[in-house]
């Protein structure tokens, strides 16, 4: 099942307080980037982020879910309505995320 653009737009609106949040369509889903680093994505209308230490520290009782078959588990962001929390989450995660791979 693919994610809807409506849900993507809702999440992007919730993240609108942050500068440099971008997205990219990928096989019916959407990858989310913050300041050039991959943070997570929208998979089957679920907002999932990478399970980096900063995210684990901010998400109480983390729920792990597979974005798609064969992928590594990611953290479900259940409280998508809390803009302040999402801002804190992305800012905290930034340092823990790997730098983007150089393009060939």
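Computed from the coordinates by the stated procedures, all read-outs in this text should not be read as laboratory data. Keep in mind that what you see is a predicted model, and the values were worked out from it rather than measured. A quick note on method: Cβ atoms are made from the backbone with ideal geometry, for glycine too, and the neighbour counts reach across all protein chains shown.
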>> If you consider only alpha-carbon coordinates, what radius of gyration and Dmax does the chain have, in Å?
In response: 12.8, 40
> Sorted by mean Cβ packing within 10 Å, highest first, what order do the peptides 51-60, 33-42 take?
Replying inline: 33-42, 51-60
> How many nm is it between the label spots at residue 19 and residue 83, if each spot is 7 Å from the Cα in line with the beta carbon?
Replying inline: 1.8 nm
> Over the chain, what relative contact order in percent results from Cα pairs under 8 Å that are six or more residues apart?
Replying inline: 26 percent
> When the helices in the chain are scored as -39500 (n - 2.57) per DSSP H run of 4 or longer and the sum is shared across all residues, what 222 nm value do you end up with, to the nearest 500 deg cm²/dmol?
Replying inline: -7500 deg cm²/dmol
